[in-house]
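Here's the structure we're looking at; comments come further down.
The values are calculated or read from the model by the stated rules, or taken from the named source; none is laboratory data. Note that the structure is a prediction, hence the values are computed from the model and not measured. In this analysis, Cβ positions are derived from the backbone assuming ideal geometry, glycine residues included, and neighbour counts consider all displayed protein chains. Keep in mind that these areas ignore ligands, DNA and RNA; they rest on the heavy atoms of the full protein, side chains included. Shrake-Rupley method; radii C 1.70, N 1.55, O 1.52, S 1.80 Å.
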Amino acid sequence: MSPVNWARFGLLAALWGCSFAFIKVSLDAFEPLQLAFGRLLVGALVVSVILAVTKGSVPDRKVWGHIVVASVFGNVVPFTLFAVGEQHTTATIAGVIQGATPLVTLGLAALAIRAEKPTARKVTGLVIGFVGLIVVVGPWRTHGFGSIGGQLACVGAAVSYAVSFVYLRRFIAPHKIPALSVTAAQLTSAMVITGLITTFTIGWDRPGPLTAGPLLALLVLGGASTGIAFVLMNRLIADAGPTTASGVNYLVPVFSVIVGASALGESVTWNVPVGGAVVIAALALAEGRLPLPSRRTTAPPAATASPTAATTPQAASTPQEGADRTQPTVPQEAC
């Protein structure tokens, strides 16, 4: 990825890492569907204002069907499921579970997109990243994980995100629509769908009083962690592909743990910085910033080999070693 895309990558991880704490605080005054609608409303307004100021255009009608599908899997379903999940588990655990998204995306992208076939480098990086994720969560700890139902809701949200990443790349990115236009349309579509579902299911009676804390958390969640974040996400999907872009979810747990400790009083133990370092190294490996170890061919003893035979293994192995070192991790057009 380019330095600009790496900057987008880091900012997106921070915005999404903070979102789980905002969800937890907002649930004091809103039901999950109401919370999903509220953050979509604020996010859609923010992005629409930016689109108007920059004189951007609305996507053509021929792609709106795809945008509606992307909004369901990328916004309606995961926003609702994460809110449901955080009613029964911690914000930190929800953030960590989202870290499984890149592995799901890798499998889906391999099936749906020819240019996204997994490479040895990318698979190795993602697997090591998942190991780092396990270190971050610390499964040896026997408290603070919440209910299985809450965790499964978060898993469902992560899978839904993975589906949306692949769908955006497969059906929307080829149209070369600006990320800002796609995001405005996607959030507006998701807002309408969520509003209708909320109206005809649970209604608008809130579970608690609307105090300053939940309201402020909702506004920041919608404006920054939804509006701005999804502009960054859609741009990364278009530039670097869904598998690479979804790798941001490996850094989200690191930020969610840090925010949980500073804002919600959760403790941070040694495994968090250690696991975070493993995650960052794994991302560097998947993106070609660190070399994969290459297998060298052992030449036969000089005493028993002819001059021609002695040079053959070396000549054959050199191009392969170079290919291992320079194998691209994203399609050429995404660079």
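So the values come out like this:
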{"item": "Rounded to whole Hz, the Karplus (6.51, -1.76, 1.60) HN-Hα couplings of segment 160-167, x for glycine and proline", "result": "4, 4, 4, 4, 5, 4, 5, 5"}
{"item": "Per-peptide average of other Cβ atoms within 10 Å, ordering 195-208, 33-46 highest first", "result": "33-46, 195-208"}
{"item": "Estimated vicinal HN-Hα couplings, Hz - segment 153-159 in sequence order (Karplus 6.51, -1.76, 1.60; Gly, Pro = x)", "result": "4, 5, 4, x, 5, 5, 5"}
{"item": "Order by protection proxy (mean Cβ within 10 Å, highest first), peptides 209-218, 82-91", "result": "82-91, 209-218"}
{"item": "Extension gain (nm, one decimal) between ALA284 and ALA263, 0.36 nm per residue minus Cα-Cα", "result": "4.6 nm"}
{"item": "Rounded to whole Å, sorted largest first: equivalent-ellipsoid semi-axes of segment 44-187, Cα gyration tensor", "result": "31, 21, 12"}
{"item": "Per DSSP, loop trypsin sites (Lys or Arg not before Pro) in segment 50-127 with at most 16 further Cβ within 10 Å", "result": "LYS55"}
{"item": "Exposure ranking of ILE280, ILE113 by accessible area [1.4 Å probe, largest first]", "result": "ILE280, ILE113"}
{"item": "Within straight-line cross-link reach of LYS176, lysines at Cα separation under 24 Å, skipping those fewer than 8 residues along the same chain", "result": "LYS55, LYS62, LYS117"}
{"item": "Order of exposure, largest accessible area first, which applies to TYR167, TYR250 with probe 1.4 Å", "result": "TYR167, TYR250"}
{"item": "Spin-label pair VAL155/ARG114, simplified geometry with 7 Å Cα→Cβ offset, distance in nm", "result": "3.5"}
{"item": "Accessible surface of THR188 - all protein chains present, 1.4 Å probe, nearest 10 Å²", "result": "50"}
{"item": "Interchain or long-range residues, amide H under 5 Å from ASP28's placed H", "result": "none"}
{"item": "Cleavage-rule hits, trypsin sites (Lys or Arg not before Pro), segment 148-232, DSSP coil, Cβ neighbours within 10 Å at most 16", "result": "LYS176"}
{"item": "Rounded to whole Hz, the Karplus (6.51, -1.76, 1.60) HN-Hα couplings of segment 230-247, x for glycine and proline", "result": "6, 4, 4, 5, 5, 5, 5, 4, 5, 7, 10, x, x, 5, 5, 5, 5, x"}
{"item": "FRET efficiency estimate (nearest 0.05) - Cβ-Cβ, ASP28 to PHE171, R0 51 angstrom", "result": "0.85"}
{"item": "Solvent-accessible surface (1.4 angstrom probe) belonging to PHE22, in square angstrom, nearest 10", "result": "50"}
